[in-house]
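Below is one structure, written out as structure tokens; the observations come after it.
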Amino acid sequence: MNAEIICIGTELVIGDVLNTSSQYIARKLAQRGLNVFYHTMVGDNPRRMQQIFETAVSRSDLIFITGGLGPTQDDITVQTVCDFFQLPLVENAESLANIKAYFARLGRKLTDNNLKQALVPQGATVFQNALGTAPGCAVEQDGKTVILLPGPPKEMQDMFDRSVEPFLEKYTDGIIRSHFVKIYGTGEAQVDAIMADLESGANPSVAPYAKDGEMYLRVTAKAQDQQQAEQMCTCMIEKIRQRVGDQQIYGIDVESLQQVVVDLLKDKGLTVATAESCTAGYISKRITEIPGSSAVFPMGVSTYSNASKQKLLGVRTDTLRQFGAVSPQTAAQMARGVRLLSGADIGLSITGIAGPDSDGSDKPVGLAYISLSDQSGEYVIKSQKGGFRDREYIRYTSASEALNLLRLYLLTFPQKFENEKFIKFQEKTID
């Protein structure tokens, strides 16, 4: 069965509001093995809405429409569907009672136009709205099924989970399972080259997606039941591990690199403090996005000036004079300094040139040095993003490199940390 999603609202078309509903519905349908071939957005215009709806009915069996169920004059979704199928509008008693109760709870006056929301197509399956006033419904006629859902994402998602999911059981002819293999440290082109034969498969399928500084592979399998689909995915993910390498894969179905880092810190019983120059708190921001991160993150400092590097972190004057602020020596002293200042187990630092201009030296925009310090010493990695990159990209991806350095360290702890990309500084080098 082929499905289509139509999201109604001028605010979506002109970009004032991000359309998250289409993504949410599509993912839900994919899990049920329902094909989604078209996503459409259309403004609150009766003629265009009618054209889009007629096109959808001509090519799809299952049509989802979000928005246009409100009480105002431009909310005409229900009427458009009724006109097409030549169905009268009828009052739904349960919806009317829910609307009245909703306004009573808020202590607000119920106006006549709100009563309009209790009108649904005759014969429709009605989905009550637990978070708002507009009910949803499903109209089944002439081999087509049209499901109408409210526009506000929270209302739509709650209604989908409570009512639409059970309604869709009769349309499921298989189960689709997808898993996301998150990769850092190997570029999209390189992964594509070693995964080409796997990406050409139909079931399970492997699809690459690029993000800033990293990428992920979506592994999708379709089967008659969930256990079989999961087994197919598991086998494919194992093949990916063998080709890409465990160290490059930072997680399966994880939200972010920082989530993995925080979880590893908790598992190892370690803490980290950060000292940042070119990223100005980007690393600490991303760590503290994760709930519970305070247990592993005591502090972070932003030290842009040489004076603050010296005063707070103990970076030596001769180091700055001889090597400069953007140097492996300075990065190492920053990492050690913030570790000692905070009492954390690990110090993590970054110093670099985010652009758009250089710092007056011959060092290029995009250059950064990232250091990790523990009781055994300091490790440093050189990062070069290229001056053609914009400032925000350089800052974000440099923070990602710092988080990945920490991740790799935590994977081996408490064993000796060894990686050919990292320079181990001896104490005499940074004194």
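The rows are residues; the columns are (1) surrounded by fewer than 18 Cβ atoms within 10 Å (Cβ to Cβ); (2) touching a strand residue (DSSP E or B) at 6+ places or on another chain (Cβ under 7 Å).
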site: LEU198; (1), (2): yes, yes
site: ASP212; (1), (2): yes, no
site: ARG218; (1), (2): yes, yes
site: GLN258; (1), (2): no, no
site: VAL296; (1), (2): no, yes
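Output the residue which, of all residues in the stretch 192-237 that are part of a strand (DSSP E or B) and without any contact (Cβ under 8 Å) to a residue 12 or more places away in the chain, is nearest to LEU29 (Cα to Cα).
TYR209
I'd like to check something: does the stretch 182-192 contain any residue that is touching a His at 6+ places or on another chain (Cβ under 8 Å) and outside the structural domain of THR125 (by TED's automatic domain parsing)?
Within the stretch 182-192 (the criterion being touching a His at 6+ places or on another chain (Cβ under 8 Å) and outside the structural domain of THR125 (by TED's automatic domain parsing)), the answer is no, since none of the residues qualifies.
I'd like the full set of residues that are part of a loop (DSSP other than H, G, I, E, B) and among the charged types (D, E, K, R), limited to the stretch 82-133.
ARG108, LYS109
Tell me whether the stretch 147-155 contains one or more residues that are out of contact with any strand residue (DSSP E or B) (no Cβ under 7 Å at 6 or more places or on another chain), buried (at least 20 other Cβ atoms within 10 Å of the Cβ) and either in a loop (DSSP other than H, G, I, E, B) or not basic (Lys, Arg) (or both).
Yes - at least one qualifying residue is present in the stretch 147-155.
For the stretch 134-146, which residues satisfy the criterion of being within 30 Å of the chain's Cα centre (by Cα) and not in a strand (DSSP E or B)?
Listed by number, the residues that qualify are ALA134, PRO135.
Can you find a residue in the stretch 264-286 that is surrounded by fewer than 15 Cβ atoms within 10 Å (Cβ to Cβ), acidic (Asp, Glu) and not in a loop (DSSP other than H, G, I, E, B)?
There is at least one residue in the stretch 264-286 that is surrounded by fewer than 15 Cβ atoms within 10 Å (Cβ to Cβ), acidic (Asp, Glu) and not in a loop (DSSP other than H, G, I, E, B).
Can you tell me which of PHE103, PHE85 is surrounded by 11 or more Cβ atoms within 10 Å (Cβ to Cβ), of a type in the set (Phe, Trp, Tyr) and either more than 36 Å from the chain's Cα centre (by Cα) or not assigned by TED's automatic domain parsing to the domain that holds GLN50 (or both)?
None of the other options fit; the residue is PHE85.
The values are calculated or read from the model by the stated rules, or taken from the named source; none is laboratory data. On a predicted model such as this, the values are computed, not experimentally measured, just so you know. Neighbour counts are summed over all protein chains in view; Cβ atoms, including those assigned to glycine, are modelled from backbone coordinates with ideal geometry.
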